[in-house]
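Notes to accompany the following structure.
Every read-out reported here was derived from the displayed coordinates using simple, explicitly stated rules and does not represent laboratory data. From a predicted model like this one, the values you see are computed outputs, not experimental measurements. As a convention, Cβ positions derive from the backbone with ideal geometry for all residues, glycine included, and neighbour counts pool all protein chains shown.
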Amino acid sequence: MFKLLFAFLLVAVPSIKAGTSASALASLTDPAKLATLKGERAVNPRLQKCVYWLAYAEGQGEKPEAVLDESAKLNKTAGAPYAGFLSWGLLENLKIAKELGLLTPEGMAELRQGKSATITKGQYAGQKAEPDDVIPVALCPELQNQVMNLELLPASLIRAKSDKVTDRAKVFAKELYEAKLLSEEGWKQVQGWPP
């Protein structure tokens, strides 16, 4: 009996672990839950936690893309443009986290708690990597609670960037507008900046 129970646990535990990351990501990126966030930068810890869960899943041998697909099914956004933009953004942030050396044991502990991890690689080593808006929320408040509009950057770059609209932000705004994820007013605001 004990051997049978132990064998069952060996089979069951990996499937529980496999679903943990997808479930966590589904909850963290659920549009209905994001819409209820209050306060400036309230969405930032969610990006950091998402990066943690993707890195954790990858460490468990899972493909981050598959985990994101599963999370989209769980929060019922699969097949929608939202899921595609979100997946692209989170995979980019996972790549940034690797390049900046954020995925150390200490960094993973910080990310899991929704905190900024310390950069351990490159010229910004020692600084914190913080979430920043791709499209400035000052121009498009409707993107305030959108994980897909965030990217991890060294703190000093964020301070230097301010609310500048980059060419990348203009392209991203156009893509979001065409996918009906950004209002016409928001798109025009970004395209016309600076006034």
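What distance in nm lies between label points placed 7 Å from Cα along the C-beta direction at LEU91 and THR20?
2.5 nm
LEU150's amide H: which non-local residues (gap 5+, or another chain) put their own amide H closer than 5 Å, with H modeled 1.01 Å from N in plane and none for Pro or chain starts?
The answer is VAL134.
Using Cα atoms only, what is the angle between the long axis of helix 167-178 and the major principal axis of the chain, expressed in degrees (0 to 90) to the nearest 10?
Once rounded, the angle reads 80 degrees.
Run lengths n ≥ 4 of DSSP H only: what is the helix-derived mean residue ellipticity at 222 nm for the chain, with -39500 (n - 2.57) per run over all residues, to the nearest 500?
The per-residue figure over the chain is -18000 deg cm²/dmol.
Return the subset of LYS128/LYS180; LYS95/LYS161; LYS98/LYS188; LYS115/LYS164; LYS128/LYS188 for which the Cα-Cα distance in this structure is over 31 Å, preserving the input order.
Working: LYS128/LYS180 34 Å; LYS95/LYS161 21 Å; LYS98/LYS188 34 Å; LYS115/LYS164 25 Å; LYS128/LYS188 33 Å.
Over 31 Å apart, Cα to Cα: LYS128/LYS180; LYS98/LYS188; LYS128/LYS188.
Could you work out, for the stretch 91-195, what percent of all Cα-Cα pairs fall into each 10 Å distance bin, beginning at 0 Å and stopping at the bin that holds the largest distance?
Here the calculated profile for the stretch 91-195 is 15, 42, 28, 14, 1.
Note the count of lysine pairs whose C-alpha atoms are less than 18 angstrom apart in the stretch 15-91, limited to pairs 8 or more residues apart or on different chains.
Qualifying lysine pairs in the stretch 15-91: 9.
Compute the angle between helix 81-99 and the longest alpha-carbon principal axis of the chain, please, reported from 0 to 90 degrees and rounded to the nearest 10.
Value to nearest ten degrees: 80.
Most fluctuating residue of GLU184, GLU151, GLU110 in a GNM of the chain with Cα springs under 10 Å: which is it?
Residue with maximal mean-square fluctuation among GLU184, GLU151, GLU110: GLU184.
At q = 0.18, 0.19, 0.21, 0.22 Å⁻¹, work out log10 I(q)/I(0) for the stretch 112-168 with the Debye formula, treating every Cα as an identical point scatterer and leaving solvent out; two decimals please.
Debye intensities relative to I(0), on a log10 scale: -0.66, -0.73, -0.85, -0.91.
Taking θ as phi - 60°, what are the ³J(HN,Hα) couplings along the stretch 138-150 by the Karplus curve (6.51, -1.76, 1.60), each to the nearest whole Hz, with x for Gly and Pro?
After applying 6.51 cos²θ - 1.76 cosθ + 1.60, I find 4, 8, 10, x, 5, 9, 3, 9, 9, 4, 5, 9, 10 Hz.
Grab the beta carbon distance between ARG168 and GLN60, set R0 = 30 Å, and tell me the FRET efficiency rounded to 0.05.
0.40
Under a point spin-label approximation (7 Å from Cα along Cα-to-Cβ), what is the GLU184-THR36 distance to one decimal in nm?
3.3 nm
Can you report the principal axis dimensions of the chain using only the alpha carbons, biggest first, rounded to whole angstrom?
Between the extreme Cα coordinates on each principal axis of the chain lie 74, 39, 26 Å.
Taking the Cα-to-Cβ direction at GLN123 and at THR104 and moving 7 Å from each Cα, how far apart do the two end points lie in nm?
2.1 nm
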